Each structure stands twice: as C-alpha cells, then as structure tokens.
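Since the structure comes first, as structure tokens, the remarks are kept for the end.
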Amino acid sequence: MDSVARYMDIMNLVKSITRLPPTSQQVTQAAYCHLASGVSRSRHIRVACIGREECRPDYRIEREGYVCHGLELVVQGKGELDIGGKTYGLLPGHLFLYGPGIAHAIRCDPRSPMVKYFADFSGNLALEFAPLGVIQPGEVRRTPELDVLSHLFDEMIREGKKVAPARSEICAQQMKLLLLKTTEAGNADTHPYSQSLANLSRCRRLIEEQATELVSLQAVADAVHLDPRYICRLFKRFNLPSPYVYLVHCRMNRAAELLVTTTEPIKAIAAQCGYPDPLHFSRAFRDCYSFPPSEFRDQTLKFHPRNPS
C-alpha cells in the first residue's frame, strides 16, 4: 500500500470515531480509566472510558443525548434522574443507561452526595444480547447485588489501567458480563434489601440446595411458607425464569456433574436427580444442554478424561 492510500485509510478511521466529551468537574474525588479518546462505530461492545466519581453536593448534568452508551451505578448517597419523560429518585443499587438521542439529567441530593460508577461504551445491544433482556437505553433498574456490580466496575478500571495488549478486549468482555448482570436487576422501585428480596433469596437457596428432592413448586412454597403464585411473581419481578424452570436447571446442573464425575448408569443418575422415568430425564436434559445424557458424557470425557483412580 502506498503512503497516500495509507493516509486515506487513517483519515477514514479517524472520521469513524466520535470524541468523548470531557469528564465532569463537579466531583471531589474520581478514578478514571481511558481506553480510547473516542467511540468507534463498531457493532460489537467496545469500552472507551470507565470511572468512579464522588460527586459534589451541586453535581448536575443535563444532556440532550450522548455520543455513546453510558451505564451508571449508584453506590452511595442520593440523587434524582430525569430520563424517558420520568423522574426517578436515585439510591444505592440503581442502574441506568443513556445513549444517543436519550435526553437525561442527573442531580445530587446536596445533603447526601452520590458516589457512582460509569462506563462509556459502544456496540449494538440487540446484536450482542437479544433476547436476553439486558438493560436498554432510557431504562432504570435496581440491583440486589450492589457489591458484585461494584466489584465488576473496579475490575474493569484495574484491567483498563494495565499496559497490556489485551486490555481493551478484556474490558470489553467484562463490560458484557456487567451488562448480563443487569438482567438480574429488578424494577427501579425495588429496594435491594426489601422483604421481597429476602423471600426470593430464601426460595433460590432452597431450590439450589434441594433441587433433587423438591418435586414441585408447591413443595418449594410449603418449605418457605409462601404462596406459589407469590413466588412466581417474585421470580418475574427480578427478571428470573419461572421457579419451575429454575428448579429444572438446578437439577440438570447436578445431573451434568454426576455424568462426568461418576460412572453410575444414567438410570441411577436420573433417579438421584428426581426423575424416576429415565425417558423424562433424557428429554429434560436434552432441552437444557442440547445433547442426550449419554452423548454429553461421551463428549465431555473425550476432552476431559477422568483421573485414573
């Protein structure tokens, strides 16, 4: 390629990148990691900037839109958010996403200034995540796992600051994980330490620990002293699959573990996982893993043989 053609290629690349606006000056302390000075138009997830900000009491941001997607997580303090024609009170655990064409305003409660994380990124959410139900531009959710999401943001900042050739790709993968975790966040008005969340945690823990003994949703309800219909509403409220689907997946996880760690016959494994009918077990297993149990065992052991006893 001659020098003129190379120059034109570089100029075309520059034109395809939109520069990020400067970071806010209305903060007392901040940690930023800039992976790029601008945002590319790639269809795949690419992170440009990640940060953690301790806002001043007078913190106020008003925008008609943004050059890329911006995901924010409040970890301390209080504030208000105007987005999508609605006003939301911001508390620890609130997540919101803005982007091009999404007008929004963020304000601090001066009596309790916010501490929040943000990540600026590009990419086609529908292409990457449909139909998984990740947070969408203009949407506000509230996570019951504030510590987990805070840790993910901290890890992105740490990885992004490394002088390493793969740092951009690592941060892109971490951003995908963070977005996937938003599927577990509830409605914006869900309190992360509410009785509803406590009840949901009890149900999930029971199903995960006793999946092979529980025979129905009614058995779960009886064990936690809750109404089955209420449990179904709980799972739906927190964007989880139905309790029955959750139970089946926990059973199949246990079945997969037994298939690759023991030599027991499939009929015996089916019985251990709560399926007296091996055919019913095989159908359920195939629906979950796309392979019948015997083929799953054979394929797994081909690449991960058991240690000789």
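Could you tell me whether residue 212 is of a type outside the set (Lys, Arg), closer than 23 Å to residue 276 by Cβ and modelled with pLDDT under 90?
Considered against the rule, which asks whether it is of a type outside the set (Lys, Arg), closer than 23 Å to residue 276 by Cβ and modelled with pLDDT under 90, residue 212 comes out as yes.
I need the helices (runs of 4 or more DSSP H) fully contained in segment 177-288, keeping only those with at least 3 residues that are in contact (Cβ under 8 Å) with a residue 60 or more places away in the chain and assigned by TED's automatic domain parsing to the domain that holds residue 80.
Values: elements: 195-210, 217-224, 228-237, 243-261, 266-272.
In segment 177-288, no matching helices (runs of 4 or more DSSP H) lie anywhere.
Taking residue 261 as meeting all but one of (1) within 21 Å of the chain's Cα centre (by Cα); (2) within 16 Å of residue 289 (Cβ to Cβ); (3) not hydrophobic (A, V, I, L, M, F, W, C), write down the number of the exception.
Condition not satisfied by residue 261: (1).
Can you tell me how many residues within segment 91-145 are among the acidic types (Asp, Glu), closer than 15 Å to residue 69 by Cα and either modelled with pLDDT of 90 or more or touching a Cys at 6+ places or on another chain (Cβ under 9 Å) (or both)?
Here the count works out to 2.
Does residue 151 satisfy the condition of being within 20 Å of residue 36 (Cβ to Cβ) and out of contact with any Lys or Arg (no Cβ under 9 Å at 6 or more places or on another chain)?
For residue 151, the condition - within 20 Å of residue 36 (Cβ to Cβ) and out of contact with any Lys or Arg (no Cβ under 9 Å at 6 or more places or on another chain) - is not met.
Residues of segment 156-176 being part of a loop (DSSP other than H, G, I, E, B) and not β-branched (Val, Ile, Thr), which ones?
161, 162, 164, 165, 166
List pairs: first residue in segment 85-109 and without any contact (Cβ under 8 Å) to a residue 40 or more places away in the chain, second residue part of a loop (DSSP other than H, G, I, E, B) and surrounded by fewer than 17 Cβ atoms within 10 Å (Cβ to Cβ) anywhere in the structure, Cβ distance under 6 angstrom, at least six positions apart or on different chains.
Sorted first by the residue in segment 85-109, then by its partner, the pairs are 100/65; 101/65; 102/65.
Tell me yes or no: at least one residue of segment 57-69 is in the same structural domain as residue 32 (by TED's automatic domain parsing), closer than 24 Å to residue 238 by Cα, surrounded by 17 or more Cβ atoms within 10 Å (Cβ to Cβ) and touching a residue at least 40 places away in the same chain (Cβ under 8 Å).
Yes: one or more hits.
For the condition over 29 Å from the mean Cα position of the chain (by Cα), closer than 30 Å to residue 197 by Cβ and among the charged types (D, E, K, R), what is the one hit in 222, 227?
222
Test each condition in (1) more than 21 Å from residue 30 (Cβ to Cβ); (2) of a type in the set (Val, Ile, Thr); (3) surrounded by 14 or more Cβ atoms within 10 Å (Cβ to Cβ) for residue 115 and report the one that comes out false.
Exception for residue 115: condition (1).
Might you check whether a residue that is among the aliphatic types (A, V, I, L, M), over 24 Å from the mean Cα position of the chain (by Cα), assigned by TED's automatic domain parsing to the domain that holds residue 141 and modelled with pLDDT under 95 occurs anywhere in segment 32-52?
no
Hey, residue 243 hits all of (1) at pLDDT below 90; (2) under 30 Å from residue 188 (Cβ atoms); (3) not hydrophobic (A, V, I, L, M, F, W, C) but one; which does it fall short on?
The number of the failed condition is (1).
Kindly indicate which of 242, 294 is within 22 Å of residue 131 (Cβ to Cβ) and either in contact with a strand residue (DSSP E or B) (Cβ under 8 Å, 6 or more places away or on another chain) or not aromatic (Phe, Trp, Tyr) (or both).
Unique residue meeting the criteria: 242.
The values are calculated or read from the model by the stated rules, or taken from the named source; none is laboratory data. Here the structure is a predicted model, which is why all the values come from computation and not from measurement. Neighbour counts run over all protein chains shown; Cβ positions are idealised from the backbone, glycine included.
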